[in-house]
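Novice: Encoded as structure tokens, here's the structure I'll be asking about.
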Amino acid sequence: MRSVDLFCGAGGFTEGLRQAGYHAMLANDFDEMACKTFSHNHPLVPVICRDIGKVSVDEILDAAGLVAGGVNLVVGGPPCQGFSLAGRRVVDDPRNQMFLDFVRIVDGLQPEVFVFENVSGIVTMQKGQALLAILNAFENIGYSCQYRVLNSADYGVPQKRPRFILVGSRDGRNIGFPAPTHGQLSSQGSLFGANILPYLTSWDALSDLPEIAQGQGAEEMKHCNRYDNEYQKARRGIREPGKLYNHRATSHSEPIIERYAAIPEGGDNSQVPLHLRTKKINVYKIDSKAPSRTVTCNHRTDLLHPKIPRGTTVREAARLQSFDDDYRFFGNLTRKAKWVTQDDQVGNAVPPLLAKAIGTHIKRVMGW
């Protein structure tokens, strides 16, 4: 099962597909630090690190050792903010270029199936006209499409992260979407649906990580010998078992620490005493008894550890995204550099376990 990952970022989709048994043939992204992260964790996969608009189909085929129609699955999530449309058509506008390049490359590679992922808000963007234009663009190159917003928590990710997933098949097959494996306990303590596991909580994901205060930690550490559950055991990884990367906490001033400590679990900055409040209210403390809120690119300041008064580390955010501990991220922790930060790479990634569920489902339906 051969895959190609466009707009690959740090490689969350490719990592999940790897776990589902796919062989990545090529990846593309424009950002040097994201490409460095991808290449470190997927060293055998060719990466074209360049603006996709300057990458030809022939170059991809040559680098991947493929011919048109020789790849099973193409995945990607081009940014779709600010779409410019004409009726149901995505017009030739600079704001649409990355999406149009994704369509161009899918058309040239002729995969059996493609997956287009994006923010859940794309469903209502421009009163639904953007989605109609997207569907029309793919149907015009010969693909039958289905879409759904999937919640990552339904597939064993300890995070409530909705993602828009559009699947297109070249042969018109009704592919559908993976059935949830995890769910919410009812008031009677039972689970809705047969063979459904309870949602993983943020503490299920974080409890065994080295306990560090603000300003502490390191880019490389040894892992403790214990784990508290099967999720943590699975996150030990296969690349460098026993290694733990990117577990470094930002330093905070005493007033910030006091304010963070006053926010209750599951609460936000608006719930602290008046003398500690600031104008910023989108600072949330994780509820240890539930899946985390969505991990964003600002998790270091906006998503707080449930037990320690500080922002989450890159490793904690990666755990909530379902990356293994030996999946290493490169780049700065601040946005002073030219390239995306470690925070950006984690916050923008597709959770590997969600990608694994999608890839496994497609594999089963297609009989690969």
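Novice: How many residues are of a type in the set (K, R), assigned to a loop (DSSP other than H, G, I, E, B) and under 20 Å from H40 (Cβ atoms) when one looks only at the stretch 316-368? Don't jump to the end; show me each part of the working.
Specialist: Of the residues in the stretch 316-368, the ones of a type in the set (K, R) are 319, 328, 335-336, 338, 356, 363-364.
From what is left, the residues that are assigned to a loop (DSSP other than H, G, I, E, B) are 328, 335-336, 338.
Restricting the remaining residues to those that are under 20 Å from H40 (Cβ atoms) gives 328, 338.
Within the stretch 316-368, residues that are of a type in the set (K, R), assigned to a loop (DSSP other than H, G, I, E, B) and under 20 Å from H40 (Cβ atoms) number 2.
Novice: Determine the pairs where a residue that is under 18 Å from H247 (Cα atoms), located within the stretch 328-340, has a partner that is buried (at least 17 other Cβ atoms within 10 Å of the Cβ) and basic (K, R) with Cβ atoms under 8 Å apart, the partner being 6 or more residues away or on another chain.
Specialist: F330/K36; G331/K36; L333/R248; L333/R300
Novice: Would you be able to say whether some residue in the stretch 27-38 is more than 19 Å from the chain's Cα centre (by Cα) and either in the same structural domain as F164 (by TED's automatic domain parsing) or assigned to a loop (DSSP other than H, G, I, E, B) (or both)?
Specialist: Taking every residue of the stretch 27-38 in turn, none turns out to be more than 19 Å from the chain's Cα centre (by Cα) and either in the same structural domain as F164 (by TED's automatic domain parsing) or assigned to a loop (DSSP other than H, G, I, E, B) (or both).
Novice: Going through the stretch 281-313 one residue at a time, which ones are surrounded by fewer than 21 Cβ atoms within 10 Å (Cβ to Cβ) and either assigned to a strand (DSSP E or B) or outside the structural domain of A262 (by TED's automatic domain parsing) (or both)?
Specialist: Y284
Novice: Something else now. Quick one: is V119 under 21 Å from K54 (Cα atoms) and of a type in the set (A, V, I, L, M)?
Specialist: For V119, the condition - under 21 Å from K54 (Cα atoms) and of a type in the set (A, V, I, L, M) - is not met.
Novice: Starting from the stretch 115-137, keep only residues that are of a type in the set (S, T, Y), then list their pairs with residues that are assigned to a helix (DSSP H, G or I) whose Cβ atoms are within a distance under 9 Å, requiring at least 6 positions of separation or different chains.
Specialist: Every condition considered, the pairs that remain are T124/A130; T124/L131.
Novice: Between a first residue in the stretch 94-113 that is without any contact (Cβ under 8 Å) to a residue 24 or more places away in the chain and a second residue that is in a loop (DSSP other than H, G, I, E, B) and small (G, A, S), which pairs have beta carbons less than 8 Å apart while being 6 or more apart in sequence or on different chains?
Specialist: What qualifies is R95/G82; R95/S84; N96/S84.
Novice: Determine whether the stretch 117-126 contains at least one residue that is over 25 Å from D31 (Cα atoms) and buried (at least 19 other Cβ atoms within 10 Å of the Cβ).
Specialist: Yes.
Novice: On to the next question. Let me confirm something: among D5, D92, which residue is among the charged types (D, E, K, R) and in a loop (DSSP other than H, G, I, E, B)? Let's see the steps before the verdict.
Specialist: Values: D5 fails: in a loop (DSSP other than H, G, I, E, B).
Result of the check over D5, D92: D92.
Novice: Go through the stretch 8-26 and give me each residue that's assigned to a loop (DSSP other than H, G, I, E, B), crowded, with 23+ Cβ neighbours inside 10 Å and on the phi < 0 side of the Ramachandran plot.
Specialist: C8, A10, Y22
Novice: I've got another one for you. Kindly indicate which of A205, A262 is aliphatic (A, V, I, L, M), in contact with a helix residue (DSSP H, G or I) (Cβ under 6 Å, 6 or more places away or on another chain) and closer than 29 Å to F330 by Cβ.
Specialist: Being aliphatic (A, V, I, L, M), in contact with a helix residue (DSSP H, G or I) (Cβ under 6 Å, 6 or more places away or on another chain) and closer than 29 Å to F330 by Cβ holds for just one of A205, A262, which is A205.
Novice: Regarding A63, is this residue assigned by TED's automatic domain parsing to the domain that holds K36, surrounded by fewer than 19 Cβ atoms within 10 Å (Cβ to Cβ) and among the hydrophobic types (A, V, I, L, M, F, W, C)?
Specialist: Answer is yes for this residue.
Novice: May I pose another question? For R95, are the conditions met, namely being modelled with pLDDT under 95 and in contact with a Leu (Cβ under 6 Å, 6 or more places away or on another chain)?
Specialist: Considered against the rule, which asks whether it is modelled with pLDDT under 95 and in contact with a Leu (Cβ under 6 Å, 6 or more places away or on another chain), R95 comes out as no.
Novice: Something else about it: For the stretch 238-280, give me each residue that is assigned to a helix (DSSP H, G or I) and among the small types (G, A, S). Spell out the reasoning first.
Specialist: Restricting attention to the stretch 238-280, the residues satisfying the condition of being assigned to a helix (DSSP H, G or I) are 254-262, 269-271, 274-276.
Within the stretch 238-280, A261, A262, S270 qualify.
Novice: Okay, next question. In the stretch 173-187, how many are part of a loop (DSSP other than H, G, I, E, B) and modelled with pLDDT under 95? Break it down into steps so the answer makes sense when it comes.
Specialist: Initial filter on the stretch 173-187 (part of a loop (DSSP other than H, G, I, E, B)): 173-181, 184, 186-187.
Right, trim to modelled with pLDDT under 95 and you get 173-174, 184, 186-187.
Residues in the stretch 173-187 being part of a loop (DSSP other than H, G, I, E, B) and modelled with pLDDT under 95: 5 in total.
Novice: Okay, moving on. Which ones in the stretch 195-212 are in contact with a strand residue (DSSP E or B) (Cβ under 9 Å, 6 or more places away or on another chain), without any contact (Cβ under 8 Å) to a residue 60 or more places away in the chain and over 19 Å from H223 (Cβ atoms)?
Specialist: I196, L197, P198 - these are the residues of the stretch 195-212 that are in contact with a strand residue (DSSP E or B) (Cβ under 9 Å, 6 or more places away or on another chain), without any contact (Cβ under 8 Å) to a residue 60 or more places away in the chain and over 19 Å from H223 (Cβ atoms).
Novice: State which residue is surrounded by the most Cβ atoms within 10 Å (Cβ to Cβ) when the search covers only the stretch 214-237 and only residues that are out of contact with any helix residue (DSSP H, G or I) (no Cβ under 9 Å at 6 or more places or on another chain) and in a loop (DSSP other than H, G, I, E, B).
Specialist: Ranking the qualifying residues of the stretch 214-237, first place goes to H223.
Novice: Looking at V340, V272, V346 in this structure, which one is at pLDDT 95 or above and β-branched (V, I, T)?
Specialist: None of the others qualify; the one that does is V346.
The values are calculated or read from the model by the stated rules, or taken from the named source; none is laboratory data. A quick note: this is a predicted structure, and the numbers were derived from the prediction, not measured. Positions of Cβ are generated from backbone atoms using ideal geometry, with glycine treated the same way; all protein chains shown enter the neighbour counts.
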